[in-house]
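Below is one structure, written out as structure tokens, with a few remarks after it.
The values are calculated or read from the model by the stated rules, or taken from the named source; none is laboratory data. These figures come from a predicted structure and were not determined experimentally. Ideal geometry is used to build each Cβ from the backbone, glycine not excepted, and the neighbour counts take in all protein chains shown. These accessible areas exclude ligands, DNA and RNA; they are computed on the full protein's heavy atoms, side chains included. Shrake-Rupley method; radii C 1.70, N 1.55, O 1.52, S 1.80 Å.
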Amino acid sequence: RRLPRVSQYPNQALGANFSAQQPDANTPINYSSNWLELKELLFRLQLLESVANNAPYVVSMTYNGLTTASLVLIRHPVTIPVLFPVSLVASKCIADTAATAQTDFDVTKNAVSFGTIRFAAGGTPPVSATFISAAGASFVAGDILRVVGPATPDATLGDIGFGLRGTR
């Protein structure tokens, strides 16, 4: 639900009192019938709405040791609407032990692939993975996010940690 823009109101005193609760404190913000104060209140409410609508949503995981065949690294039931962007921008994945060969982990929504976490062969630990996701994915409450390892695991890749970042 969008708040009305301030410009939609007539430029006059409305003759009413308005109040709102600050999200970072229990101190109320009180506004009288002054038009400039009402305009400021509406601006602050629009700002709070835009921040709330783009709040980060991070799913993190750590796995110590070497992975096994088709290991499900994470099975995360989503409880609120979340959008994971194209290329999983702002997500991060590292491993403290480098892979011998290129190794891909499948990122799925309800068991349907929408992305890949790819470790290149070699590198100096901690090695970073790259993310591949052509379209990103939109989740609703009840959808399941999974990260699944390859059917044939790498012999040396291990001690993995990641944070997949989306927005609410």
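Can you give me the ranges of the strands (runs of 3 or more DSSP E) entirely in region 57-151 with at least 3 residues that are closer than 14 Å to Gly161 by Cβ and either modelled with pLDDT of 95 or more or within 18 Å of the chain's Cα centre (by Cα) (or both)?
Because the criterion is at least 3 residues that are closer than 14 Å to Gly161 by Cβ and either modelled with pLDDT of 95 or more or within 18 Å of the chain's Cα centre (by Cα) (or both), the strands (runs of 3 or more DSSP E) in region 57-151 that meet it are 92-97.
Select from region 139-158 the residues that are closer than 26 Å to Val82 by Cα and among the β-branched types (Val, Ile, Thr) and list them in ascending order.
Val140, Ile144, Val147, Val148, listed by residue number.
Say we look at region 113-158 and pick out the residues that are touching an Asp or Glu at 6+ places or on another chain (Cβ under 6 Å) and of a type in the set (S, T, N, Q); which of these is most open to solvent (accessible area, probe 1.4 Å)?
Of everything passing the filter in region 113-158, Ser113 is most open to solvent (accessible area, probe 1.4 Å).
Give me a count of the residues in region 153-168 that are under 15 Å from Asp104 (Cα atoms) and β-branched (Val, Ile, Thr).
2
Suppose we filter region 121-143 for residues that are in contact with a strand residue (DSSP E or B) (Cβ under 6 Å, 6 or more places away or on another chain) and either aliphatic (A, V, I, L, M) or free of Cβ contacts under 8 Å to residues at least 12 places away in the same chain (or both); how many remain?
Final tally of qualifying residues: 5.
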